[in-house]
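The values are calculated or read from the model by the stated rules, or taken from the named source; none is laboratory data. In this text, all values refer to a predicted model and were calculated from it rather than measured experimentally. Neighbour counts are summed over all protein chains in view; Cβ atoms, including those assigned to glycine, are modelled from backbone coordinates with ideal geometry. Note: areas computed on protein heavy atoms with side chains; ligands, DNA, RNA excluded. Shrake-Rupley method; radii C 1.70, N 1.55, O 1.52, S 1.80 Å.
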Amino acid sequence: MKKKEQMIPKVHPSFKLNGRSLDHEGLMIVAYSYVKEGDAWEKEVGDFLLNWLDDFEVLTVNTSGSTGQPKSLKINKQFFLNSAAITANYFDLIPGKQVLCCLPLQYIAGKMMFIRAIQHGWHLDCVEPTSQPLKKAEKRYDFTAMTPFQLSQSLDNIHKSRVTLLGGSPVTATLVGQLQGKHSRVYQSYGMTETCSHVAIRQLYPHYEACYTAVGKTTFSLSKDQTLVIDAPQVSPDLLTTNDLVLLHNEQKFELLGRLDDVINSGGVKLHPSKIEDKLSSQISNRFFIGSLPDNDLGEQVVLIVESESPFDIDFNGLDKFEVPRAIYFLPTLVETNTGKIQKKKSIEQALLHAS
C-alpha cells in the first residue's frame, strides 16, 4: 500500500501576523484561539490556518458561485505555493514587506494573501473585511488586495497602499478615472479558484493597460468558441477552458471582451454587456448591469438593472442604437454571492417581481 505523502507548509522566519512574530506552533495556537473565541470573520481565518498548516497535501477551497453553483475543489498545496511565489516575484515583495489582508478567508483571494505572507515572510495585518478597510490604517502598506467596490469606497485612503491589486469583479472606466492623482499603483488581476488566484495582470494606474499579461509560465490560446484557454502548469495540472471571450494578441496577452454566456443576440446583432456597461459607467453612480430578456421579435432584448430605491433618468446618447436598453428596472438591492459579486440571473428575476 502506497504511503500517503505529507505536505506541511513552512512558516517563513520573518513572518508576522498583526505585529507578532509567529512560527508554525504559534500560528496554530492563534488559529485555535480564533476558532474558539473569535468573531465570525476570525473563525474563518482560524479554520483556514488549521487546514493550511495540517499534514494533508491538498487544501479544499470553494468557488464563489457567481457564474454557476458554488462548488468545492481539492487542490494540491504545492500549486498554492507556486502561485504565491509568482506574485511575490512579480511585485518584488521581499521578506519584511508590510501587507494587508482585508478579504474574507472563505474564498481564494483571502486565502492567497495569507499563503503569500506565510511563505515569503511578510508582515501581515489581517482586518475584518469591510467596504473601507484602509480607513483606520495607521501605516502605509506595500501591498493590498481588495475588490473594486472596496477601492471605490477607499479612494480617500488609497495612498495608504503602495500597490493595490484588484479582483473579483469588473472595474469600470469611471473608477479608473477616479484614480487620477492618487498615490497608489493599481493593478487588476485575472484568475479563478481553479488557478489558485491570478494567472494574468494588467496595470490600471498610473499607466493604463487594456491587455492582461500572463504571469509565471502561463500561456493562453483560444477554444473553437473564441473563449480563453489557460495553460498554467505551475498552478493547475490541466488545461482550463473558460467562458471568457477574449481578443488574443499573442500567447501571453489578451483583452477581455465578456463572457460567452453573457453575450446578447438582439435581432442578429451580438452585444457584449461589459462594453455597454463601460459606456454607461459615467452616467450611473449606482451599481448596475446590462442583461437580457426573451423577445418575440428580436430573440433577446437588452435590459438595464439598476440598484436604487426609486427610478431616475439615464442618458443613453453614448450608446449605439442596438445597445440602448428596451427596459429599465430599478431594484433596491441586487442579489449577490457571499463575495459581493452580482448574481445577474437572480437579480433580473427579483427585478421583474419588484416591478410587477
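Whole number in Å², please: accessible area per residue of the chain, 1.4 Å probe, ligands, DNA and RNA not counted.
Values: 17830 Å² over 356 residues.
Dividing the accessible area of the chain by its residue count gives 50 Å².
What is the angle, in °, between the Cα long axis of helix 344-355 and the longest principal axis of the Cα atoms in the chain? Nearest 10 is fine, range 0 to 90.
Roughly 50 degrees, rounded to the nearest 10.
Where the centroid of each part is defined by its Cα atoms, how far is segment 138-176 from segment 72-100 in Å?
19
With charges set only on the Cβ (+1 for Lys and Arg, -1 for Asp and Glu), what does the dipole of segment 94-189 come to about its Cα centre, in debye to the nearest 20?
200
Once you put a point 7 Å from the Cα of R326 and another 7 Å from the Cα of N62, both along the Cβ direction, what distance in nm separates them?
So the label points at R326 and N62 sit 3.8 nm apart.
Hey, got a sec? Which chymotrypsin sites (Phe, Trp or Tyr not before Pro) in segment 192-228 land in a DSSP loop and have at most 13 other Cβ atoms within 10 Å?
Numbers: sites: Y208, Y212, F220; in loops: Y208.
Qualifying residues, ordered by number: Y208.
Which of the GluC sites (Glu not before Pro) across segment 222-304 are loop residues per DSSP, with 13 or fewer other Cβ within 10 Å?
Details: sites: E251, E255, E277, E300; in loops: E251.
Here the sparse-neighbourhood loop sites are E251.
Given Cβ point charges of +1 (Lys, Arg) and -1 (Asp, Glu) and nothing else, what value in debye, to the nearest 20, does the dipole of the chain about its Cα centre take?
Working: 37 positive and 40 negative charges, 186 e Å.
I would put it at about 900 debye.
Too long at a 20 Å Cα-Cα cut-off: which of K135/K341; K182/K341; K10/K111; K10/K71; K224/K279; K16/K97?
On the way: K135/K341 22 Å; K182/K341 26 Å; K10/K111 16 Å; K10/K71 28 Å; K224/K279 29 Å; K16/K97 10 Å.
Violating the 20 Å limit, Cα to Cα: K135/K341; K182/K341; K10/K71; K224/K279.
Using all Cα-Cα distances in segment 49-117, what percent lands in each 10 angstrom bin from 0 up to the longest?
It works out to 18, 49, 29, 4, in whole percents.
Want the number for T174 to S285: 0.36 nm per residue separation, take away the alpha-carbon distance, what's left?
Working: separation 111, 0.36 × 111 = 39.96 nm, distance 0.89 nm.
Using 0.36 nm per residue and subtracting the Cα-Cα distance, I get 39.1 nm.
Run the quick spin-label model on E25 and T130: label points 7 Å from Cα toward the beta carbon, then report their separation in nm to one decimal.
Placing both labels 7 Å along Cα→Cβ, they lie 3.6 nm apart.
From the P(r) of segment 228-308, could you give the percentage of C-alpha pairs in the tail past 16 Å?
It works out to 63 percent of all Cα pairs.
Among V35, N62, V11, pick out the residue whose Cα is farthest towards the positive end of the charge dipole of segment 8-75, where Lys and Arg carry +1 and Asp and Glu carry -1 on C-beta, about the Cα centre.
Of the listed residues, the answer is N62.
Return the Rg/Rh value of segment 205-260, two decimal places, where both radii are evaluated on C-alpha atoms and Rh is the Kirkwood radius.
Over the Cα atoms of segment 205-260, Rg/Rh equals 0.98.
Please tell me the relative contact order of segment 104-207 in percent, rounded to the nearest whole number, where contacts are Cα pairs under 8 Å and at least six residues apart. Don't jump to the answer; show the numbers that get you there.
Numbers: 150 pairs, mean separation 22.2, N = 104.
So the answer I get is 21 percent.
For the pair K275 and T219, what calculated FRET efficiency results from E = 1/(1 + (r/R0)^6), where r is the Cβ-Cβ distance and R0 = 22 Å, to the nearest 0.05? Please list the in-between numbers first.
Numbers: r = 26 Å, r/R0 = 1.19.
After rounding, the FRET efficiency stands at 0.25.
Grab the Cα-Cα distance for D47 and N89, subtract it from 0.36 nm times how many residues apart they are, and report the gain in nm with one decimal.
Full extension from D47 to N89 adds 12.3 nm.
Relative to the longest principal axis of the chain, what angle (0 to 90°, nearest 10) does the C-alpha long axis of helix 40-52 take?
60
Please check: in the Gaussian network model of the chain (C-alpha springs, under 10 Å), which one of A40, A85, A232 has the largest mean-square fluctuation.
A40
Counting only Cα atoms, I'd like the Rg/Rh figure for segment 1-151, Kirkwood definition for Rh.
Working: Rg = 15.3 Å, Rh = 16.0 Å.
Over the Cα atoms of segment 1-151, Rg/Rh equals 0.96.
What's the ranking of 97-104, 321-328, 126-133 by average number of surrounding C-beta atoms within 10 Å, highest first?
Numbers: 97-104: 23.2, 321-328: 14.9, 126-133: 16.9.
Output ranking for 97-104, 321-328, 126-133: 97-104, 126-133, 321-328.
Evaluated at 37 °C with a viscosity of 0.692 mPa s, what Stokes-Einstein diffusion coefficient in µm²/s does the chain have when Rh comes from the Kirkwood expression over alpha-carbon pairs?
Numbers: Rh = 21.7 Å.
Using the Kirkwood radius from Cα pairs, D works out to 151 µm²/s.
Does anyone have the angle between helix 24-37 and the longest principal axis of the chain? Alpha-carbon axes, 0 to 90°, nearest 10?
60
For a paramagnetic label modelled at 7 Å from the Cα of L73 toward its Cβ, which residues of segment 233-247 fall within the zone defined by backbone nitrogen distances under 19 Å?
Taking a point 7 Å out along Cα→Cβ of L73, the residues of segment 233-247 whose backbone N falls under 19 Å are 233-246.
Restricting the count to DSSP beta bridges whose residues both fall in the chain, what percent are antiparallel, rounded to a multiple of 5? Display every interim value, and only then the final one.
On the way: 44 of 66 bridges.
Percentage antiparallel, nearest 5: 65.
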